[in-house]
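Bear in mind these aren't lab numbers, they're just calculated from the coordinates by the rules spelled out. Just so it is clear, the model here is predicted, and its values are computed rather than measured. Quick reminder, even Gly has a Cβ in these numbers, built from the backbone with ideal geometry, and neighbours come from all protein chains shown.
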Amino acid sequence: MSLHRAGLKEVVSLLKKGEVSPVDVVRDLVDAVDERDGDVRAYLHFDKDAILEAAKSVAESAGYRSTLLAGAPIAVKDNICVTGSPTTCASRILENYHSPYTATAVERLIQAGGVVAGKTNLDEFAMGSSTEHSAYHPTSNPWDLERTPGGSSGGSAAAVASDLALAALGSDTGGSIRQPASLCGVVGMKPTWGRVSRYGLVAFASSLDQIGPITKNVEDCALMLDVICGHDPHDATSLTTPVPDLSTDLEKGCENLTIGVPRDFLEVGMDDEVRSNFDTLVDDLKSEGIKVVDVAMPNARYAVACYYIIANAEASSNLARYDGVKYGHRAKEFNGPREMYTRTRDEGFGPEVKRRILLGTYVLSAGYYDAYYLKAQKVRSLIIDDFRKAFEACDLVAMPTAPSPAFRFGEKADPLLMYASDVFTIPVNLAGLPGVSLPSGLADSRLPIGVQLVGRPMAESVVLQGARGVERIVDFKEKAFA
């Protein structure tokens, strides 16, 4: 059996029964990565010996079969800290950085019997929607190697889609889990902000960042969230509200849920195939007896502009720490601390990161703070209110995840075109809500198209139930591989 082609829960079941060992699973995965990652290039760091040693350690531990993951290997995006492994954020400025501690979300994977299966590629510091902005190499979409996998968690999505990972962790600031999940035909979820600890996630925009899973199906997504969700005293913004078992009621589906469709927001530009696919899905939901209503989100159209003020302002502040003093890259030639600082940052940061730092510094500067940053925060409040009013009429809001299927490398060299790739995902981050993307069909080019379901704060269980219901209706795997 090709274990790496199976779903996470399927492999965990085999591990729990003792039909395979963690070493068997990891060896099978290592062989697959050796064979195929030269084309996809999903990983930045994949230490075969270290992964096998970790699997052996789990296999020798007492009671590992009773844990939630039972020795299953999980890939981790390379902006999430893991001791013993580089954490580069796909940036030259952290090229040789090894974290002295492990992120809480990863610690919980390990405590649940998981094995870290390498660090996946991303847009530098998670700033991008295509994984073209990695300082080391781009990652290809497994459905078409000449196209991007989306971003910034493109390495994680591509690894799962190409069966080079059973599941993976990503981070989502404006759609960086859901958009690549859509483009790669897998499931990706951004939990409620604060539901998963951000301790050990290298900060981009702290009021927006969230760690979440990328998986092959909704059931695996629920399992991953059962492992990583929960309060963490190391993260002051971590929610203390207890998290229910998200796998328990999954099969309830969406039969008793009301789905809201923001028709006014969906007037923004998207490919005809994406629009047709979404309309077909809405019709299928109705034919299954599921209640679908129109909801209004008049301010969501301003989300992209709002986001690129707030996110860049926070990035400008968060990335000030990379100055060549305590850790990371330092310029070799300089005269005095000011030149050391400027040369270090010029050499270490790529063009997109520099662009965002400059924009963020500008909107925070004297004379512009009120005109840009303060106004963007007011618009953010309006978008939050849009969702609040929408949820008075429905349980879940549905919309396309991305405005197009996977695009070719270099096709969106204009930053504004690239930023528009997240038009449907950004409002969810601004509102701090849980949202999941799952495959909803194929374009004529046989590239995946995704649909997004968004729920109320802390309603991950409802979002996952709805996603499981849609997954059954769409039956993507049957259509994709028929």
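Can you give the net charge of the other residues whose Cβ lies under 11 Å from the Cβ of Arg408, counting K and R as +1 and D and E as -1? Numbers along the way, then the final one.
Details: positive: Arg147, Lys412; negative: Glu132, Asp144, Glu146, Glu411.
Net charge in that neighbourhood comes out at -2.
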Mind putting a number on the dipole of segment 140-270 about its Cα centre? Charges go on the C-beta only, +1 for Lys and Arg and -1 for Asp and Glu, and I need it in Debye to the nearest 20. 260
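For Thr241 and Glu95, calculate 0.36 nm times their separation in residues minus their Cα-Cα distance, and state this gained length in nm to one decimal. Could the numbers behind the result be given before it?
Values: separation 146, 0.36 × 146 = 52.56 nm, distance 3.76 nm.
Gain on stretching Thr241 to Glu95: 48.8 nm.
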Once phi for every residue in segment 187-197 is put through the Karplus expression 6.51 cos²θ - 1.76 cosθ + 1.60 (θ = phi - 60°), the whole-Hz ³J(HN,Hα) values, with Gly and Pro written as x, are 9, x, 10, 9, x, 3, 4, x, 6, 10, 4
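Return the subset of Lys17/Lys56; Lys216/Lys477; Lys48/Lys77; Lys77/Lys190; Lys77/Lys216; Lys16/Lys252 for which the Cα-Cα distance in this structure is over 19 Å, preserving the input order. Walk me through the intermediate numbers first.
Values: Lys17/Lys56 17 Å; Lys216/Lys477 10 Å; Lys48/Lys77 17 Å; Lys77/Lys190 14 Å; Lys77/Lys216 16 Å; Lys16/Lys252 25 Å.
Where the Cα-Cα span goes over 19 Å, the pairs concerned are Lys16/Lys252.
Are there any trypsin sites (Lys or Arg not before Pro) in segment 31-100 that are in a DSSP loop and have at most 14 other Cβ atoms within 10 Å? List them by number. All intermediate terms of the calculation are to be shown ahead of the outcome.
On the way: sites: Arg36, Arg41, Lys48, Lys56, Arg65, Lys77, Arg92; in loops: Arg41.
Taking segment 31-100 and a limit of 14 other Cβ atoms within 10 Å, no loop trypsin sites (Lys or Arg not before Pro) are found.
With +1 on the Cβ of every Lys and Arg and -1 on the Cβ of every Asp and Glu, and nothing else charged, how large is the dipole of segment 1-119 about its Cα centre, in debye rounded to the nearest 20? The partial results should precede the final answer.
Values: 14 positive and 16 negative charges, 83 e Å.
Once rounded to the nearest 20, the dipole reads 400 debye.
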What number, rounded to the nearest 500 deg cm²/dmol, is the helix-based mean residue ellipticity at 222 nm of the chain, given -39500 (n - 2.57) per DSSP H run of at least four residues and division by all its residues? -11500 deg cm²/dmol
With both partners inside the chain, how many of the DSSP beta bridges are antiparallel, as a percent to the nearest 5? 70
Once both label points are put 7 Å beyond Cα along the C-beta direction, the Ala296-Tyr369 separation in nm becomes 3.5
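Could you list the trypsin sites (Lys or Arg not before Pro) in segment 337-437 that lie in coil according to DSSP, counting only those with at most 16 other Cβ atoms within 10 Å of their Cβ? Mind showing how you got there, number by number?
Values: sites: Arg338, Arg343, Arg345, Lys354, Arg355, Arg356, Lys375, Lys378, Arg380, Arg388, Lys389, Arg408, Lys412; in loops: Lys412.
Loop-located and lightly packed - none at all.
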Projected onto the charge dipole of the chain (+1 at Lys/Arg Cβ, -1 at Asp/Glu Cβ, origin at the Cα centre), which of Ile310, Val292, Val40 gives the Cα projection farthest towards the positive end? Ile310
Under 19 Å between alpha carbons, and skipping anything fewer than 8 positions from Lys332 in its own chain: which aspartates and glutamates qualify? Glu95, Asp323, Asp346, Glu347
Note: probe point = Cα of Glu255 + 7 Å toward Cβ; backbone nitrogen < 15 Å; residues of segment 287-302 passing the test are 287-291
What area, in nm² and to one decimal, does the C-alpha convex hull of segment 138-230 cast on average over all directions? 5.6
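What length, rounded to one decimal in nm, is gained on full extension from Arg472 through to Glu411, with 0.36 nm per residue of separation minus their alpha-carbon distance?
Values: separation 61, 0.36 × 61 = 21.96 nm, distance 3.37 nm.
Taking Arg472 through Glu411 to full extension adds about 18.6 nm, to one decimal.
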Per 5 Å bin, what percent of the C-alpha pairs of segment 355-482 does each bin hold, from zero upward? 2, 9, 15, 16, 17, 14, 13, 8, 4, 2, 1, 0
Lys/Arg Cβ at +1, Asp/Glu Cβ at -1, dipole of segment 349-430 taken about the Cα centre: which of Leu358, Ser421, Ile384 is farthest positive-ward? Leu358
Given unit charges at Cβ for Lys, Arg (+) and Asp, Glu (-), the dipole magnitude of the chain about its Cα centre in debye, nearest 20, is 1040
Longest to shortest principal axis, alpha-carbon extents of segment 1-129, angstrom: 45, 32, 26
For a quick check: sort Ile214, Ile51 by the number of other beta carbons within 10 angstrom, fewest at the front. Ile51, Ile214
When only alpha-carbon atoms count, how far does segment 320-370 stretch along each of its three principal axes, as whole angstroms with the largest first? 39, 22, 17
